[in-house]
Each structure stands twice: as structure tokens, then as C-alpha cells.
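Everything on this sheet refers to the single structure shown next.
The values are calculated or read from the model by the stated rules, or taken from the named source; none is laboratory data. Computed from a predicted structure; not experimentally measured. As a convention, Cβ positions derive from the backbone with ideal geometry for all residues, glycine included, and neighbour counts pool all protein chains shown.
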Amino acid sequence: MVSERISPILQGLPAKPGCYLMKDNTGHVIYVGKAIHLRNRVRSYFQASANLGRKSSEMISHVADIEWIVVGSELEALILEMNLIKRHRPKYNVHLKDDKRYPYIKVHWADSFPKVTVTRQVKDDGNRYFGPYTSAWAVHQTLDVLRKIFPFLTCDRVITGEDPRACLYYDIKLCLAPCIGAIDQPNYRAMINDLSRFLRGRTEPIIGRLKEEMARASAELDYERAAALRDHLIAIEKVVEGQKVITQDKIDTDVIAFARDEKDACVQIFFIRGGKLIGREYFVLAGTHQAEDSELVESFVKQFYTEAAQIPRRVLLPTEIEEARIIETWLQSRQDGPKVKLVVPHRGVKKDLVRLATENAVETLSSLRARWEADRSKHVQALAELQEVLDLPNPPNRIECYDISNLQGTAAAGAMVVFSQGAPNKKLYRKYTIKTVSGQDDFASMEELLDRRFRRWQSSNEKAREPGGKLDQAFGLVPDLLIVDGGKGQLGRAAKVLDKYGLVEEVPLVGLAKGHEELYLLGELDPVILPRQSEGIYLLQRIRDEAHRFALKQHRTQRRHTGLASRLDSILGIGPARRKALLRTFGDLEGIRHAGVEELMAIPGVTKSLAERIKAEL
């Protein structure tokens, strides 16, 4: 039965292409979909005759509101849908499990003498990107191998070709030293172009060119250069030997397959370039519990190729997907060249490739499952050890740790980190700028930090009791164990705050002293010391180190902002409001320094004379 709230929304849906966002009663987006005809598609979920699967039936039972966005075409709807899923990560959509961006190899082609680095952001900036990869370690391993074949720059020197001497890397043959003119710009860029081709799997043209150059050098009696080219060829051919010839048609192809169990799904993708298998990656998907196989594959294709740096001419799939035609159109729009085809093979070599990728996906998922179970077992053991040694009524499934960071009393910052079930829950981390403490007083800073945290707990619970109120997951719950980084002094200040909010008997509290990981408890004279090789102490070290890292990160951010503010405050006519507006617009001091007078004058309150003064003083 359609609710009174949903009924008028269904009546007002337009008969146009677009995206729809279904929300629960807390306002969270739980599903994002697209449609050529919004009215027909969304209404179909709520018709009495609708034959919905388990997933859709469960989802509809939680829908309290629906929003929609009208676009101009089905292709625009597809692109918008992918962006909305990435932004909201809805519960009932299939999405890549990791929040982080995946690493890429970046060739700085826009530079005169390009370097090769690792990045997690792909930009339309004239540079070349290869990836994504799931492992940053594997990327760095790849670059270590490539650097022996293509000795690219790694330093930050300005290349003039006139430096008096090269660095050590030139001596050990890991750099061609353009800094001293040992290689000129055209030849250096030709090498980097070969590296890019190599990453794309285009090895034959490189090998052919090097053989020609080696023969020419030998004919000219330049035996030293010929020997160097020979060594270069041998290094390349050793790597190429490991690239198995898969297909004879030499069409660039990605092969996608998957394996799944009751909870998770793992997608395996093979990269075939020029007929050779040059690499493979796996990705874990979330939200797959009740998803059909076709939805799983379709969701992965859309999300992976949103981020992928290269699009092949052909993508082999294990099952047909509903939106194949429009996805092909979208993929074609993302690259220049021949049409992209999505193919579900039914026989022959291509079918065997999908089967092979499926077998790899099954093995990968099994390996990941074993690793997850081992990690979970360690977490359970660590929490059980802490429960026993601290005499807690239950395992400390939610642990909060607090740390303070400052430099001789300046830019004092605090951090709250949360571990759930023995693993970091970074969505609940919070950073603090210490506001009421002057000078270096870590005890007072910790008291301020905890007071602000539990004040938020108090207000969150008050709001949750109101009609339609919602409990803040970061602040609305109390921890099963609260850790302050420090000894008895910090423990006393923390107890004072807990007593203020009536929680001193409810929240178990310990002070963790640096060095020997001694645990100080309220009312106990001697500290508790866990066995050196126990899982409990490993968990405490991880929590303490994570709190320290997060607090230090916030402290460094504050120091940087303080430095910017002081430089700007020294300019006559710049007060807090204009300083804030300048930093918000230009980002940092370097951005302000490079801004033109006209750009500075666009900031409210900045006159021409003030803009010229800013330029002169910076």
C-alpha cells in the first residue's frame, strides 16, 4: 500500500528521462536509479501487481521520500546516476567496497622532462595515466622494474643540461642525467613515450626500434651504445616473456568475471593489450547480498570505467546486462577511436577467457575470505584479552582514544579515533582545535577535548528523544572503553569530565602510558601490563598510534593555517574577514601571491590600492 506521503510524489513525477533518489525516514538516500521515463519507472515499484524481488521489496518497505532530477537524455541520466551513487553510496546499490581512491601510474607528459609518479587522482591536465590498480605496493614494484628498463627522472631539479655533476642514480644506471646534458630532451621524451607504450602493452614497436638503433650503432662502430641498447632489449624481453599471448586478433580487450558468496562479491578483470595478457586486478563489491548477477556486473562496469584511465575496444562479460547499448555509447564518448563493444562470448577462446577470469575470481574471494576470518579472529582474541585484564562486563566493541598534539604550546590540536569490533571506523573520527587553553598544558587540553565530546553526547541524546530525532553515531553513543594517551594525570582529568556528565561509573576508562604500554586504571596504584606478544597489546598500540597520527595531522594543518594568517595579518587593511575570504577563494599563500590585481579586487572589501599592497608585500 502506498503511503500518504509517497502518493502525491508519484502523481507529480514527470514523463522525462532522469534519476530518482529513494530516501528512508531519516533522510538518507538508500537507492539511486535512472530511467528514460521517470513516471513509469518509479511508479512500477509501487503497483500492486509489481513482481518485485526480495531486494526491491525490502527497499520499498523503507522508502519514506523520493526525489528526482530531470536530464536531457538517457546518456546524461547514466552519468548522473553514477555520480550520485558515488556521492551517496546507497545501501541498496551495488558499489565498489573501498572508499579510497585507487592508485594510478602518472606520466608527467606535460612537463619538458617528464617524471613518473604514483597518484590517486586522474585529471584532464595533458598528462598520461595508467590504472587503476588495487595495490599501491604493486604499483611501486612495477615502477621499480620499469626504472631499470627506462631510467626516468625522480628528482626535483630544474633541468637545464648545465649542472656540474649528476646524482648517484646516474652512476648506478637508474637515471639518464638530462641535468648534465647526458641525454637531450627529444631522446628523453622518446624514452618516456616508450615507457607509456610499454604500460599499454605495445612492446613490439619498442623492440623493433631498439634493434634498428643497435644495428645502426654497431655499423657506425659505436660499440658502447650498441651494448647499452642490447642490454636494454634483454631487460625488456625478460619482462615481455612473462606476458602470455592470449588472442590472435590483437584487439585491446578487458575480460570481466566475478565470484560471490552469501555476503561479498569479487570481480576479476584481465587486461589484454595487443593479444597479450599484461595484467589483472580484483575489486570487492558491497551491497551485493540480494543483487542479481546482471546488476552486479553492470554496476561494476559503470563504476570501474568511470575511473579507468584507458578504455579498450572490447569488454568481455560473463552475463548479459540490460543497459549494454547505452553503456557502449558512454564508453565511446570517453575515448577517441574505434567503437567500444560489450560482448558476452558463448564459445571459443573468448568464452575460455571469461571462464579463466571466473576461476581467478573464485580463488581470490576464497583467499580474501580466509584473510578476513584470520583478522576477525585476531580482533576477537584482542577484545577478549582486554575484557579479561580490565575486568569489563562485555568485550569493548567500541573503543575511543584521545590524544593531544602541539609544539611548545602553539597550534594545539586534539583527536578522537574510534575502533569498532577491533578495526578503525574512520567515519567516526573527529579532530579538534583546542580553543580555551593558553600555552602548553596537555592536561587542560584533554579536559577541553573530552568536555566538548560529551557535551555533544548530551545534546545528541536530547535531540534523539524529540519526534523524528536521530542519534548521532559519532557522539550519541558512549564507548565500551575510553583510552586517553598519557598516565595518571590525563586519567584524572578524563575522570573529572566523565563525572560531570554522570558517566564515570558507566564508561570504563584507562590511561595508556607511552613506552611500555602501561594501563592506568582509576583507583589502582599499579598499572596493568599486558604480555608483550599478546593480541591485546598489538590492538592498543594500533589505537594509540592512530590517535597520535590523526592528532599530529590536525596540528600540522593548524600550524600551516596559522603561518598563512600571520603573513596576511601583517598587511595593513587585512582583518579576519578579508583574510578568511582570501584563503577561501585562493586556497593558500601561493594562490594569493599568483592572483592578479583584478582577481584580488573581486574579494568583497578589497580595493585596488589594497590589492596592489597585497601583491607588493607578498
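The table for this structure:
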| quantity | calculated |
| --- | --- |
| Top-ranked residue in the range 504-521 [being of a type in the set (A, V, I, L, M) and either out of contact with any helix residue (DSSP H, G or I) (no Cβ under 7 Å at 6 or more places or on another chain) or under 30 Å from Arg376 (Cα atoms) (or both); ranked as surrounded by the most Cβ atoms within 10 Å (Cβ to Cβ)] | Val510 |
| Residues of the range 495-554 satisfying the condition of being in a loop (DSSP other than H, G, I, E, B), over 22 Å from Ser420 (Cα atoms), without any contact (Cβ under 8 Å) to a residue 24 or more places away in the chain and of a type in the set (A, V, I, L, M) | Leu525 |
| Residues that are in contact with a Leu (Cβ under 8 Å, 6 or more places away or on another chain) and under 17 Å from Asp352 (Cβ atoms), drawn from the range 260-270 | Phe270 |
| Residue within the range 559-569 that is at pLDDT below 75, in contact with a strand residue (DSSP E or B) (Cβ under 7 Å, 6 or more places away or on another chain) and of a type outside the set (Ser, Thr, Tyr) present | yes |
| Any hit, the range 461-474, residues being buried (at least 17 other Cβ atoms within 10 Å of the Cβ) and at pLDDT 85 or above | no |
| Out of Lys378, Lys427, Lys431, sole residue that is touching a Gly at 6+ places or on another chain (Cβ under 9 Å), assigned by TED's automatic domain parsing to the domain that holds Asp451 and at pLDDT 80 or above | Lys431 |
| Any hit, the range 141-148, residues being more than 21 Å from the chain's Cα centre (by Cα), of a type in the set (Lys, Arg), in a strand (DSSP E or B) and farther than 18 Å from Gln310 by Cβ | no |
| Candidates Asp485, Asp403 - the one that is under 26 Å from Ala384 (Cα atoms), crowded, with 21+ Cβ neighbours inside 10 Å and at pLDDT 85 or above | Asp403 |
| Options Leu38, Leu52, Leu13, Leu21; residue that is surrounded by fewer than 16 Cβ atoms within 10 Å (Cβ to Cβ) and in the same structural domain as Asn83 (by TED's automatic domain parsing) | Leu52 |
| Residue match in the range 288-299 (condition: crowded, with 22+ Cβ neighbours inside 10 Å, part of a loop (DSSP other than H, G, I, E, B) and in contact (Cβ under 8 Å) with a residue 12 or more places away in the chain) | yes |
| Criterion (more than 32 Å from the chain's Cα centre (by Cα) and either under 19 Å from Ser445 (Cβ atoms) or among the small types (Gly, Ala, Ser) (or both)) met by exactly one of Lys463, Lys488 | Lys488 |
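For every residue, the table says whether it meets (1) more than 30 Å from Gly201 (Cα to Cα); (2) among the small types (Gly, Ala, Ser); (3) part of a loop (DSSP other than H, G, I, E, B).
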site	(1), (2), (3)
Lys86	yes, no, no
Pro90	yes, no, yes
Ile105	no, no, no
Ala110	no, yes, yes
Trp137	no, no, no
Pro151	no, no, yes
Ile159	no, no, yes
Glu162	yes, no, yes
